1. PRE reach from B:R57 (point 7 Å along Cα→Cβ): which of segment B:26-44 fall under 17 Å by backbone N?
2. Taking A:K44 as the anchor, which aspartates and glutamates have their alpha carbon closer than 13 Å to its alpha carbon, excluding any fewer than eight residues away along the same chain?
3. If I fit a long axis through the Cα atoms of helix A:62-75 and take the longest principal axis of the Cα atoms of chain A, what angle between them do I get, 0 to 90°, rounded to 10?
4. Given the rotation that superposes chain A on chain B, what residue of A brings its beta carbon nearest the axis, and what is the distance in Å?
5. So, in nm, how far is label B:A210 from label B:V145 when the simple model puts each one 7 Å beyond its Cα toward the Cβ?
6. Mind sorting B:F96, A:F131 by how few other Cβ atoms lie within 10 Å of their own Cβ, fewest first?
7. Can you tell me the orientation of helix A:169-192 relative to chain A, as the angle in degrees between its alpha-carbon axis and the longest Cα principal axis, to the nearest 10?
8. What is the sum of charges, Lys and Arg at +1 and Asp and Glu at -1, for the other residues whose Cβ falls under 9 Å from the Cβ of B:F179?
Number of protein chains: 2
Amino acid sequence: MARILQMPSTPTATTAPQDVLREEAATFDVLRRMREDILCCVLKPDQRLRFGELRQRYDTSVGTLREALSHLVSEGLARTEAGRGFTVASISLADFLDLSELRVWLETRTLADAIRHGTDAWEAEIVGSYFLLNKLGAPRQDDPVGVKREWGKRHKRFHDALVATCTSPWSLHYRSELFDQARRYHWLTMIHARSRRKNEHLDLRDAVLARDSDKACALIESHIRTTVAQAASEVPGLTMDAAPSARRRKA
Amino acid sequence: MARILQMPSTPTATTAPQDVLREEAATFDVLRRMREDILCCVLKPDQRLRFGELRQRYDTSVGTLREALSHLVSEGLARTEAGRGFTVASISLADFLDLSELRVWLETRTLADAIRHGTDAWEAEIVGSYFLLNKLGAPRQDDPVGVKREWGKRHKRFHDALVATCTSPWSLHYRSELFDQARRYHWLTMIHARSRRKNEHLDLRDAVLARDSDKACALIESHIRTTVAQAASEVPGLTMDAAPSARRRKA
DNA sequence: AGTTTCGAAACTTTCGAAACTTTCGAAAAA
DNA sequence: TTTTTCGAAAGTTTCGAAAGTTTCGAAACT
């Protein structure tokens with residue numbers, strides 16, 4: 001179970017201020033970079049992940065790569081077959097639908113609980129992270145990749161902040177994993193979508209800060225569902241079938 | 001995302017009949033054995049996992065162990081701190097409660113969907129796996145470890161069979177992970193519990209085969225809740241606090 | 001022409017050792 | 001007596017190379 005956002009805790013301050021970030025050093029760093037690359041489709045769905053190329057790209061050894069890849073497999077961002085190496089996980093509309101249904105439940109559940117246990121520090125982080133998200137504005141199709149990536153980061157930070165005070169570690173853990181899964185589809189939507197959406201995050205923020213649990217949950221539910229619908233209609237090639245991979249049998 | 005029970009599929013029969021089981025060979029085998037050892041508390045909660053001992057126990061290299069341990073961390077069965085190696089995940093009543101709340105929802109959700117999409121092969125596997133579970137009978141405190149382990153296997157097989165035709169891969173995946181988590185607490189209950197329970201699995205089986213979704217869901221919900229209550233009252237030392245690990249600060 | 005067999009090339013998996021970090025205990029200083 | 005410092009031992013992390021598979025194409029055979 002990966003570390004969850006560690007928000008209103010006193011920093012331990014043993015060696016350096018950002019000591020927390022050091023975690024696992026090399027391996028952890030490679031893992032994070034690979035995850036980001038899969039999420040942003042730099043490594044494309046169903047792409048074969050050969051050790052030769054990866055070693056060059058991330059400047060590390062086979063063993064370290066294996067460990068990172070192994071992690072990605074458990075997270076559902078990659079798959080592996082015995083003796084055939086690793087592959088980026090497929091995407092499909094069916095998967096996004098399935099994913100999103102679970103998300104609706106987990107997001108509303110964690111959000112309601114977080115609101116129930118909200119603190120001043122929690123409110124502050126929501127205000128702060130919303131500010132950062134809003135300052136950047138929703139990225140357009142023709143914005144540079146760097147801007148889109150930064151928006152992705154801030155978007156995640158805002159949504160993490162909303163549920164930070166939820167008291168169920170398991171719910172938070174799975175919520176986080178599924179949020180990352182959804183980010184792959186969000187990325188595709190950002191690339192292709194033409195329609196613009198109103199600023200749903202502002203309403204969400206205000207409902208949460210007003211501790212209006214029902215309204216906040218309804219908003220986040222429609223937030224998720226709208227995104228699915230948008231992806232389904234505007235991302236080309238996102239079909240119900242999983243992959244164009246060559247697993248045919250002869251008739 | 002790990003492989004899910006692959007039930008009504010035709011065997012591919014390329015080399016051997018059990019070719020499917022070979023998956024990942026060495027690493028996968030070590031992973032499975034370690035997981036089983038953690039689930040059955042052979043490796044105890046909060047126990048330090050040193051490479052020296054593990055290498056001897058599983059007769060494998062450091063690299064392979066690291067990969068397996070890495071997997072266990074993502075599954076929440078172990079934890080790791082930078083530079084300080086791996087540790088078996090803690091247990092606590094709080095964790096079991098949290099876990100079980102999520103399980104209630106996931107089990108009922110997957111079960112209802114599985115019933116909706118049930119096939120003949122699905123019914124057959126339910127009948128078969130129930131037969132195996134029932135033949136062994138609920139293990140008593142003084143049964144040998146081997147019997148308890150076998151019961152654990154058959155118990156899991158039965159519950160997997162119930163939900164096998166569920167159409168949501170993500171729900172099935174998380175259901176499976178949480179079921180394994182719960183197995184650690186089940187094991188402790190088996191060791192310590194004095195009270196006997198009626199055969200809840202028979203009622204469950206019949207309700208499912210009769211396609212009575214509401215009744216089946218109600219049964220599985222109380223099945224889970226009863227187990228939690230039993231563990232809370234009969235397993236000594238299962239407190240709300242996480243671990244007796246030495247993370248004290250000076251006052 | 002179509003199918004099968006064989007062998008080399010490419011890639012994955014596994015391993016043990018080298019480099020580095022943490023922990024623990026003994027000796028020196030307060 | 002208590003605290004601090006230092007160094008050795010134990011343990012973890014990273015790496016590159018050896019061993020083992022799979023894949024693909026060319027030659028041999030039907």
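1. Hits in segment B:26-44 for B:R57 at 17 Å: B:27-44.
2. A:E36
3. Tilt of helix A:62-75: around 60 degrees.
4. Nearest Cβ to that rotation axis, in whole Å: A:S74, 2.
5. With each label point 7 Å from Cα toward Cβ, the separation is 4.2 nm.
6. Working: B:F96 25, A:F131 13.
The fewest-first ordering by Cβ neighbours comes to A:F131, B:F96.
7. With rounding to tens, the tilt is 70 degrees.
8. On the way: positive: B:R103, B:K156, B:R175, B:R183; negative: B:E107, B:D160, B:E177, B:D180.
Residues near B:F179 contribute 0 overall.
No value in this document is a laboratory result; all are computed from the given coordinates. On a predicted model such as this, the values are computed, not experimentally measured, just so you know. FYI the Cβ positions are ideal-geometry reconstructions off the backbone, even for glycines, and counts take in every protein chain you see.
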